[in-house]
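Let me begin by presenting the structure, written as structure tokens, before commenting on it.
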2 protein chains.
Amino acid sequence: MAKISDEPRTHLYSDAYLRNFSAQVFMHFGVPQADAEQAADVLAKSDLRGIDSHGVARLHTYFEMLELGRINPKPIIKVVREKASVASVDGDNGLGLVVGPKANEIAMDKAEQHGSGWVSVCNTNHFGIAGYYPLKALERDLIGWAMTNTTKLVAPLWGAERMLGTNPIAIAFPGYKEPPIVIDMATSAVAYGKIEIALRKKEPVPKGWIVDKHGRETTNPQDMIDGGAQLPLGSEREMGGHKGYGLASMVDILCCVLSGANWGPFAPPFALRQEIPARSVGKGIGHFFGAMQIDGFIDKDEFKKQIDDWIHVFRNTKPAPGTNGPLIPGDPEREAEAIRSREGIPLLKPVVDDLLDISKRTGVPFQNRRAFREKLQ
Amino acid sequence: MAKISDEPRTHLYSDAYLRNFSAQVFMHFGVPQADAEQAADVLAKSDLRGIDSHGVARLHTYFEMLELGRINPKPIIKVVREKASVASVDGDNGLGLVVGPKANEIAMDKAEQHGSGWVSVCNTNHFGIAGYYPLKALERDLIGWAMTNTTKLVAPLWGAERMLGTNPIAIAFPGYKEPPIVIDMATSAVAYGKIEIALRKKEPVPKGWIVDKHGRETTNPQDMIDGGAQLPLGSEREMGGHKGYGLASMVDILCCVLSGANWGPFAPPFALRQEIPARSVGKGIGHFFGAMQIDGFIDKDEFKKQIDDWIHVFRNTKPAPGTNGPLIPGDPEREAEAIRSREGIPLLKPVVDDLLDISKRTGVPFQNRRAFREKLQ
């Protein structure tokens, strides 16, 4: 769900402005225009939907990887194996923001022809928000799934070291008159960004989020940075930590073992400051996409009308004390998107500084300005 | 994972004896022999794997439903719609223990022909342990998935009433020399059986398992019984309760909205004592099965050898203090199966009493005896 930063918002930019800047930066490194625009669209969608951690705030990392030649700007993306409804894809070490959308398209094409399509991808890199991909499936009236592994951060239950990524799962279902249900969740107890925020504020984190380097529970976020690990969804055994570990393992295997990518602790790092794993067991990181044609199961409109009914029934759940009742998965992101596409995307000063640094080093212009009215303040 | 009761074990029976008894009971109600043996096999597998709550301990409930004509002993199971890799199935109100295996077979057949198969099922009933179905897929060297909705027990995050079942997800991956990885988990924080055990022992439950009828957190298991609800995996917002709610919703939609079954709070009850929902929005409860052919993605042996490597690497994770390190999903159930197939299945006295009651009312003989050496004591 939405991870809107609670820090002061200093600059507002339109998504079009940021999208164009990102695309120009990718093109500066030789990424073909269509691919650059595709990659920029994934980042912009993340910013629009309030997931600040996965939008242009990450552009500097992509920039560094491209500058050092660690990512191939002109990948030749190949289907390695396939049957009617499944395939594996080699991303040729391209941007995940380019490889992901192409592999997702293969899954969607298969779904339209054979009822469903499932694509496991190796030799790829960070693909942005998992939710982007099922949103594309919705445009074609399909149920879409996406998963990816990520650099190790999470300890398996009863482990004292990082072995798995935050390995997200996303899936979306279209409504008829209602907006879609969009589930997009890391399989860790909490997003890494929340630990970073606590660290900056010098505040403790709740019990159950992290362990220290000895595998002991701790509430000091610095302990996680100093060789500790995040805990899986459910945290402890008693609260279902084995379930979050199981889900993260499922994502790891579907994305990596099934495609021939680096699984578990061997996922290559996304950022330069992260350590490079001792072993390589495959190519790059891995993704897994799925798409299902609703009409293969049930009349499409009947399905969508039932989804509307589902949404109404769940919105009418008796609320827990001190709440307005349950949200529908995807509500916070959709609300953020409505506001931000109208009023602009707020960027923190360190993010603007990063973009200015990219601008200086690539020659792609970026203005240190308030691009929009500051309604969000 | 395994839910071996920690109460005194009073009677040991071989799985063959229990399997035969269950099959005879189903046949007593007109279930054809092959179907009766299939249904009995699902129950026996659950008992063998240590999931006592889903084995013959449930036979009395099936018995009651069949006796009252609430379940159709001779269903005509039909494919309602299909495309190459997907289908929906109407279970004709049969035993889930019969409908589930048939629908799972359709998914597996499709996987062998088209790379993957996905089947959503309506008009069915409780199907036993979700893990049974991916275990069948492993016999055909496929990756198997299974989900089902169940009678409402769980509140969505920020809700104060039962709206979703414990909606389990299971998936399994074959190893080469190592045993398979078998993930089988409810999407609630904890199994309902654990709340029942606390109730019998008059002990409090941990914070985060349940809420009372006002939606307030409580540690008194009686509060859950008195109109309260279980919490989803993750429990509170801060610990990821929205994620467990999202997963339970995903299961609900794939099993029910996609098949035309009763979703959310409208799932019909499994047991006679449970209330009948005010509305019906479809037919029976719903399941969802998936199967994927490994060779459609990657060489099968290469995949299995990587799974072995994955298992070795995860077994070698540095252990957290006070533990022996992480388990591999499926370890506890496999260990239970090894012991119980050798030494017998321990049944509690109330379960034996239930079986004796069935025996008395059906004329199918059941001996109140210790069938095996009592090695487990």
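Between the range B:10-66 and the range A:301-336, how far is it from one alpha carbon centroid to the other, in angstrom? The range B:10-66 and the range A:301-336 have Cα centres separated by 39 Å.
Normalised by 2.2 N^0.38 Å, where N is the number of residues, the alpha-carbon radius of gyration of the range B:21-77 equals 1.08.
If R0 is 56 Å, the Cβ-Cβ spacing of A:Tyr176 and A:Gln274 corresponds to a FRET efficiency of close to 0.80. Distance distribution note for the range B:239-377: the fraction of Cα pairs above 19 angstrom is 77%. Per-peptide packing, taken as the mean over residues of other Cβ atoms within 10 Å, places B:254-265, B:11-22 in the sequence B:254-265, B:11-22 from highest down.
Distances from A:Pro32 to itself in the other copies, using label points 7 Å out along the Cα-Cβ axis, amount to 5.6 nm in increasing order. The distance separating the Cα centre of the range B:245-278 from that of the range B:110-124 comes to 20 Å. If R0 equals 22 Å, the separation of the Cβ atoms of A:Glu343 and A:Glu139 corresponds to a calculated FRET efficiency of about 0.35. Estimated purely from DSSP H runs of n ≥ 4, each contributing -39500 (n - 2.57), the mean residue ellipticity at 222 nm for chain A is -11500 deg cm²/dmol once divided by its residues. The Cα trace of the range B:45-104 gives Rg and Dmax of 14.0, 39 Å, the first to one decimal, the second as a whole number. Report relative contact order for chain A in percent, whole number only (criteria: Cα-Cα under 8 Å, sequence separation at least 6). Rounded, it is 22 percent for chain A.
Taking the dipole about the Cα centre of the range B:189-277, with the C-beta of Lys and Arg at +1 and of Asp and Glu at -1, give me whichever of B:Ala189, B:Val205, B:Leu272 is farthest to the positive side. Result: B:Val205, furthest along the dipole toward the positive end.
Here the dipole of the protein assembly as shown is about 660 debye; that uses its Cα centre as origin and unit charges on the Cβ of Lys and Arg (positive) and Asp and Glu (negative). Overall, the range A:190-230 carries a charge dipole of about 120 debye about its Cα centre when +1 sits on the Cβ of Lys and Arg and -1 on the Cβ of Asp and Glu, all other atoms neutral. The fraction of all Cα pairs in the range B:97-248 landing in successive 5 Å bins from 0 to the largest distance is 2, 10, 17, 17, 15, 13, 11, 9, 5, 2, 0, given as whole percents.
By the Stokes-Einstein formula, at 0.692 mPa s and 37 °C, the range B:217-285 with its Kirkwood radius over alpha-carbon pairs has D equal to 241 µm²/s.
In this structure, the residue pairs whose Cα-Cα separation is over 24 Å, taken from A:Lys110/B:Lys152; B:Lys177/B:Lys300; B:Lys45/B:Lys201; B:Lys78/B:Lys300; A:Lys45/A:Lys202, are A:Lys110/B:Lys152; B:Lys45/B:Lys201; B:Lys78/B:Lys300; A:Lys45/A:Lys202. How large is log10 I(q)/I(0) at q = 0.27 Å⁻¹ when the Debye formula is applied to the Cα atoms of the range A:131-195, each weighted equally and without solvent? Each listed q maps to, in turn, -1.07.
Between A:Arg361 and A:Val79, the simple label model (points 7 Å from Cα in the Cβ direction) yields a spacing of 3.8 nm. Between identical copies, the spacing of B:Thr323 label points, each set 7 Å from Cα toward the C-beta atom, reads 2.7 nm from nearest to farthest. Note on chain B: Kirkwood radius taken over Cα pairs, Stokes-Einstein applied at 10 °C and 1.306 mPa s, translational D equal to 74 µm² s⁻¹.
Cα-based values for the range A:1-104, radius of gyration first and Dmax second, are 15.2, 51 Å.
Take B:Ile339, push a point 7 Å out from Cα through the beta-carbon direction, and compare it with the same point in every other copy: 5.4 nm, smallest first. Using all pairs of distinct alpha-carbon atoms, the Kirkwood hydrodynamic radius of the range B:190-230 works out to 9.6 angstrom.
In terms of packing, defined here as the mean over residues of other Cβ atoms within 10 angstrom, the peptides A:72-83, A:52-63, B:116-127 line up highest first as B:116-127, A:52-63, A:72-83. At q = 0.07, 0.09, 0.11 Å⁻¹, what is the log10 ratio I(q)/I(0) for the protein assembly as shown, with the Debye formula run over Cα points and no solvent? Reported log10 I(q)/I(0), two decimals: -0.47, -0.79, -1.20.
Remark: the range A:69-84, residue by residue, has Karplus-estimated 3J(HN,Hα) of x, 7, 10, 7, x, 10, x, 9, 7, 10, 6, 8, 9, 7, 10, 3 Hz, where x stands for each Gly or Pro and the curve is 6.51 cos²θ - 1.76 cosθ + 1.60 at θ = phi - 60°.
Only the coordinates and a few stated rules stand behind these numbers; no lab work does. Bear in mind that the values here come from a model prediction, so they are computed numbers and not experimental data. With ideal geometry, Cβ positions are generated from the backbone for all residues, glycine too; neighbour counts draw on all protein chains shown.
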